[in-house]
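The values are calculated or read from the model by the stated rules, or taken from the named source; none is laboratory data. Keep in mind it's a predicted model, so treat the numbers as computed, not measured. With ideal geometry, Cβ positions are generated from the backbone for all residues, glycine too; neighbour counts draw on all protein chains shown. What goes into the accessible areas is simple: the full protein's heavy atoms, side chains included, and nothing from ligands, DNA or RNA. Shrake-Rupley method; radii C 1.70, N 1.55, O 1.52, S 1.80 Å.
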Amino acid sequence: MKIQLRDITMRFDNVTAVDRLNVTIEEGTLVSLLGPSGCGKSTTLFMLAGLYQPTEGELYFGDRLVNKVEPENREIGMVFQNYALYPHLTVLKNIMFPLKMAKVPKKEAEERAREMAALVQIDHLLDRKPSQLSGGQQQRVAIARALVKKPKLLLLDEPLSNLDARLRLEMREEIRRIQQEVGITTIFVTHDQEEAMSISDKVLLMKDGKGQQFSPPQDMYDYPENQFVAQFLGNPPINLLSVKLRNDLQTIVLPDTEDTYQLDSLVKSYVDSNSKLELGVRPEDFYIEFDLAKAGITVEVMMVERIGRDNLLYARLGQTNLRAIVSPDVMVNRGDMVKLAIRPGRTHLFDRSNGKNLLH
Amino acid sequence: MQKEALSKGFIYLLLILGSLLMLLPFIWMISTSLKAANEVMIMPPKWIPTDIQWGNYIKAWFSAPFAMYSVNSVIVLVASTIGELITTILAAYAFSRINFYGRDIIFSILLGTMMVPGEVLLIPNFVTLSNLGWIDHYQALIVPWLASVFSIFLLRQFFLSIPKELSFAAKIDGCSDFRFLWSVMVPLAKPALITIAILKAIGSWNAFMWPLIVTSSENMRTLPVGLIAFSTDTGTKYELLMAASSMIILPMIILYIVLQKYIMEGVARAGIKG
Ligand SMILES: Nc1ncnc2c1ncn2[C@@H]1O[C@H](COP(=O)(O)OP(=O)(O)OP(=O)(O)O)[C@@H](O)[C@H]1O
Ligand SMILES: [Mg+2]
């Protein structure tokens, strides 16, 4: 089912939890809702579920306007952050509950519940109560319960946040597998960027209730539309340098040292040479340039740290600290001056006044 | 190590003394119920009767229409306990889950009524009931006890501890508010509800003042009121009174023992994390 949010806004007394959100989610895709705590992810999900009524805007499921449709008539399944299993019912009864409410005959209901349990691989636990299950097993029960009515939309609110690191990894692949097997449109809330990047077809990044960017994860990483997106994604985080742009719209003036650096493309729109800009470069997009004739940013090495396969180089340009991931066979020492060049097409330039990316 | 054992011993000693203090009246009651009439009042008191008089129990039972009193007591107990459970469940749900105008103020006022001593209400309640023409009917024994603020408070707190996601989940599953209350909240609240029911049952079974005031005819009396039969103009027959009392409290003791494991069960709420 295709989902459309048109100017969706949700206000509580004096907080605007979601602010004019516009998103179209294609049928059968998995979309992650990503953002810092309190940015309105759960609120958005609750509006999709019909548990909250949007203050403004229209919500379409397919061609149907669903603003006023009750949760049980929306053909959705939802997994809550705390799973919200019925503690007094066995696993089987938990999975059968939605069917029982829909007055499906008992025999058929049990059959479908068992089928669903097999899909999420908990068919050996059917007689247990939720309290006798591990976190990962409870989560599978919650997924089975959400899917048993064959909903058209699956909503998952940070379903992995209670699990340990390994189980998380396992379960997120599991969710992706189930999602693709069933082919169901899925919205997955998380505040873990790695989780969002790894399982989604598209990511919606939010901040303060506003949508920041809605695109495939790799695009979002490579071409952030604004400084917040660039800073939110990536670990170690993107390097930012306060710079100015010359009138030729291509020459960057670096801080403190007043060195210059040529951009490989022109900025998209005219920029006054007085405007404050931020040059953004991801640590892995730097490399050390030994050719004296080539362009680069000359920095002083502060420290080199071995992290797994690579070396993490801490450097300083005037007052600004930088991080670069460099290959381990480069021998540099503290105090050395090195020239860092930027991989082509990997430079970002943000307008500090509104955060907009001026290059992509 | 030794110090620990010593302090543990001290705690046990205190606990044993405490329970003895609680138990003594019971032991005295049973002891008296088995004495011959001439042994009841002797000084110094005798804990163990010289001649055990089982006959006291039979005599006591037939001194007054206790069978009828029992039926009345059971009717009042069952009706008021079930009634109170129903009103408590509905009110606690409303006060914990439904947003309506003035909810918190109404609840505060309700809590405030707990400060009013029961005795103050005897006369106004009596007047109300006599205006309704209910005096000396079952209604008078039951209706004033169909709701308890304390129980509502207890259950409301319990309901508040059940995460709201559970009701969200139920809503998505197509479960109405009412159905959610009965098929999810109530089963979850079983320990709290059993505690409320036991308190109510004991209170109702032992009630004396109110049934005494609102009943006048023999066939409306409840068991505790029936005990008056042993106080006559010529004095009180303590051995029979105690025998009857022992019989009366027996069902409550059994009820308590049977249900206590549910009270102790605690609140099993796994399946809900976070
Ligand atoms: N029922 C409510 N009443 C008032 N304010 C609310 C309510 N629910 C959420 N908010 C506010 O709306 C904002 C968004 O909340 P929301 O729960 O959607 O955040 P979130 O992105 O899910 O955060 P988290 O990652 O911590 O779960 C927050 O500022 C929150 O305080
Ligand atoms: Mg949330």
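A few notes on this one:
- Pairs are defined by a Cβ separation below 9 Å, a sequence spacing of at least 6 or placement on different chains, a first member in the range B:237-256 that is among the acidic types (Asp, Glu), and a second member that is assigned to a helix (DSSP H, G or I) and open to solvent by 60 Å² or more (accessible area, probe 1.4 Å); the pairs so defined are B:Glu239/B:Ala37; B:Glu239/B:Lys59.
- Test: residue in the range A:39-54 that is at positive phi, within 16 Å of ligand 2 (Cβ to nearest atom) and touching a strand residue (DSSP E or B) at 6+ places or on another chain (Cβ under 7 Å): yes
- Qualifying residue in the range A:346-360 (condition: over 29 Å from the mean Cα position of the chain (by Cα) and β-branched (Val, Ile, Thr)): no
- For beta carbons closer than 6 Å, sequence separation of 6+ or different chains, a first residue in the range A:7-28 that is in contact (Cβ under 8 Å) with a residue 12 or more places away in the chain and assigned by TED's automatic domain parsing to the domain that holds A:Lys152 and a second that is assigned to a strand (DSSP E or B) and open to solvent by 80 Å² or more (accessible area, probe 1.4 Å), the qualifying pairs are A:Asp7/A:Arg20; A:Thr9/A:Arg20; A:Thr9/A:Glu56; A:Asp19/A:Lys210.
- The set of residues from the range A:302-332 being among the basic types (Lys, Arg), open to solvent by 90 Å² or more (accessible area, probe 1.4 Å) and not in a loop (DSSP other than H, G, I, E, B) comprises A:Arg306, A:Arg316.
- For the range A:137-161, the tally of residues that are within 18 Å of the chain's Cα centre (by Cα) and not hydroxyl-bearing (Ser, Thr, Tyr) stands at 7.
- From the options A:Gln213, A:Gln231, residue that is open to solvent by 40 Å² or more (accessible area, probe 1.4 Å) and either at negative phi or more than 16 Å from ligand 2 (Cβ to nearest atom) (or both): A:Gln231
- There is no residue in the range A:233-240 that is among the hydrophobic types (A, V, I, L, M, F, W, C) and modelled with pLDDT under 85.
- Among the conditions (1) farther than 16 Å from B:Ile135 by Cα; (2) in contact with a Ser or Thr (Cβ under 8 Å, 6 or more places away or on another chain), the only one that B:Thr234 does not satisfy is (2).
- Residue in the range A:187-199 that is closer than 30 Å to A:Leu240 by Cβ, surrounded by fewer than 21 Cβ atoms within 10 Å (Cβ to Cβ) and aromatic (Phe, Trp, Tyr) present: no
- Whichever residue in the range A:1-15 is within 16 Å of ligand 2 (Cβ to nearest atom) and away from every other protein chain (no Cβ under 14 Å) and, among such residues, is surrounded by the fewest Cβ atoms within 10 Å (Cβ to Cβ): A:Val15
- The lone exception for A:Leu59 - which of (1) open to solvent by less than 50 Å² (accessible area, probe 1.4 Å); (2) under 23 Å from the mean Cα position of the chain (by Cα); (3) modelled with pLDDT under 95 it fails: (3)
- Hey, A:Leu240 within 26 Å of the chain's Cα centre (by Cα), within 16 Å of A:Arg352 (Cα to Cα) and either small (Gly, Ala, Ser) or open to solvent by 30 Å² or more (accessible area, probe 1.4 Å) (or both) or not: yes
- Of the numbered criteria (1) more than 16 Å from ligand 2 (Cβ to nearest atom); (2) closer than 24 Å to A:Thr44 by Cβ; (3) part of a loop (DSSP other than H, G, I, E, B); (4) modelled with pLDDT under 90, the one A:Leu160 fails is (1).
- Selection count where residues are of a type outside the set (A, V, I, L, M, F, W, C) and surrounded by 21 or more Cβ atoms within 10 Å (Cβ to Cβ), scope the range A:152-171: 3
- Positions within the range A:6-53 being more than 14 Å from ligand 1 (Cβ to nearest atom) and in a strand (DSSP E or B), in sequence order: A:Arg6, A:Asp7, A:Arg20, A:Asn22, A:Val23, A:Thr24, A:Ile25, A:Leu30, A:Val31
- Any hit, the range A:87-97, residues being at pLDDT 90 or above, more than 16 Å from ligand 1 (Cβ to nearest atom) and over 17 Å from A:Gln138 (Cβ atoms): no
- The numbered conditions (1) within 16 Å of ligand 1 (Cβ to nearest atom); (2) surrounded by fewer than 21 Cβ atoms within 10 Å (Cβ to Cβ) are all true for A:Phe80 except (2).
- For the range B:114-192, the helices (runs of 4 or more DSSP H) that sit wholly inside it and include 3 or more residues that are modelled with pLDDT of 90 or more and either within 13 Å of chain A (Cβ to nearest Cβ) or open to solvent by 30 Å² or more (accessible area, probe 1.4 Å) (or both) are B:118-132, B:149-160, B:164-172, B:177-180.
- Residue pairs whose Cβ atoms lie under 8 Å apart, sitting 6 or more positions apart in sequence or on different chains, and linking a residue in the range B:27-40 that is within 13 Å of B:Ala60 (Cβ to Cβ) to a partner that is assigned to a helix (DSSP H, G or I) and open to solvent by 70 Å² or more (accessible area, probe 1.4 Å), are B:Thr32/B:Tyr238.
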